[in-house]
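This report concerns only the one structure given below.
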Amino acid sequence: MNQFTKLALEMGPLILFFTINATTNNLMTATATFVAATVVALVVSFVIARTIPVMPLIGGAFVIVFGGLTLYLDNDLFIKIKPTIVNLLFASILFGGLLAGKLFLKLVLESAFKATDEGWRILTWRWSLFFVVLAVVNEIVWRNFSTDTWVAFKVWGIMPLTMLFGMAQVPILMKHQLPEEEGGSTAA
């Protein structure tokens, strides 16, 4: 699956969520659309790639559960706290891995980046703290601003912040990058 298709499948449901909320001014309609579009994106991803990457699968499961609770209970609290819970879960998993001597970030991203364990440890600390910050900021925004502002922040704030933070980590990856193996890998 090419990068444009992956991006469209990951961002499409979120952009629909924003668009439907903005045009209908109805968070329940936007949430129903978000849940349906997420299910469609996961199915399309599976049909194209015969697999669903871990992060979209986890994110999709949370959208379905918290979006479903929002709709079933007619309470927007659940969709608003979803980013807080997801980010705290990611932070907890990464922090827990560090405490247990495991580098879970390395397990997820090692196929894309080859770095020393020290580099992975630094990145794990940074991403853990970043996820905590995102959770706190989400709480501040949904509790203190209008639903429309929260939706706009969720779509146009969290993703760009995450991308900027990710790009800011490139120097650490470069500093701790392992040399490429010449001649490809050998079978044992």
What residue, among those in segment 95-106 that are more than 14 Å from the chain's Cα centre (by Cα) and not small (Gly, Ala, Ser), is nearest to Val132 (Cα to Cα)? Phe95
Inspect segment 116-123 for any residue being closer than 29 Å to Ala32 by Cα, in contact (Cβ under 8 Å) with a residue 12 or more places away in the chain, assigned to a helix (DSSP H, G or I) and among the hydrophobic types (A, V, I, L, M, F, W, C) and give the result as yes or no. no
Near pairs, Cβ below 9 angstrom, 6+ apart or cross-chain, from segment 41-52 (under 15 Å from Leu7 (Cα atoms) and assigned to a helix (DSSP H, G or I)) to any residue that is at pLDDT below 95 and of a type in the set (Lys, Arg): Ser45/Lys6; Ala49/Lys6
Identify the residue in segment 39-72 that is modelled with pLDDT of 95 or more and among the hydroxyl-bearing types (Ser, Thr, Tyr) and, among all such residues, is nearest to Val86 (Cα to Cα). Thr70
Any residue at all in segment 27-34 that is of a type outside the set (Ser, Thr, Tyr) and within 15 Å of Leu9 (Cβ to Cβ)? yes
Looking only at residues in segment 18-56 that are more than 23 Å from Leu71 (Cα to Cα) and of a type in the set (Gly, Ala, Ser), which one is farthest from the chain's Cα centre (by Cα)? Ala49
Pull up segment 165-179, narrow it to residues that are in a loop (DSSP other than H, G, I, E, B) and open to solvent by less than 40 Å² (accessible area, probe 1.4 Å), then point me to the one that is modelled with the highest pLDDT. Gln169
Considering residues that are more than 24 Å from Trp142 (Cβ to Cβ) and aromatic (Phe, Trp, Tyr), the number found within segment 67-110 is 1
Residue pairs, Cβ under 6 Å, 6 or more apart or interchain, first in segment 140-155 and closer than 12 Å to Ala22 by Cα, second open to solvent by less than 40 Å² (accessible area, probe 1.4 Å) and assigned to a helix (DSSP H, G or I). List them. Thr147/Leu27; Trp150/Val141; Val151/Asn21; Val155/Leu14
Restricting attention to segment 78-98, which residues are open to solvent by less than 60 Å² (accessible area, probe 1.4 Å), out of contact with any helix residue (DSSP H, G or I) (no Cβ under 7 Å at 6 or more places or on another chain) and closer than 23 Å to Leu161 by Cα? Ile81
Being open to solvent by 90 Å² or more (accessible area, probe 1.4 Å) and either under 16 Å from Leu94 (Cα atoms) or among the basic types (Lys, Arg) (or both), is that true of even one residue in segment 141-164? yes
Please go through (1) within 18 Å of the chain's Cα centre (by Cα); (2) open to solvent by less than 40 Å² (accessible area, probe 1.4 Å) for Ile15 and return the number of the only condition it doesn't satisfy. (2)
Looking only at segment 41-77, which residues are touching a Phe, Trp or Tyr at 6+ places or on another chain (Cβ under 8 Å) and either surrounded by fewer than 20 Cβ atoms within 10 Å (Cβ to Cβ) or at positive phi (or both)? Ile52, Leu69
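The values are calculated or read from the model by the stated rules, or taken from the named source; none is laboratory data. Everything numeric in this text was worked out from a predicted model, so none of it was measured. All Cβ positions, even for glycine, are placed from backbone atoms using ideal geometry, and neighbour counts span all protein chains on display. With ligands, DNA and RNA removed, areas are computed over all heavy atoms of the protein, side chains included. Shrake-Rupley method; radii C 1.70, N 1.55, O 1.52, S 1.80 Å.
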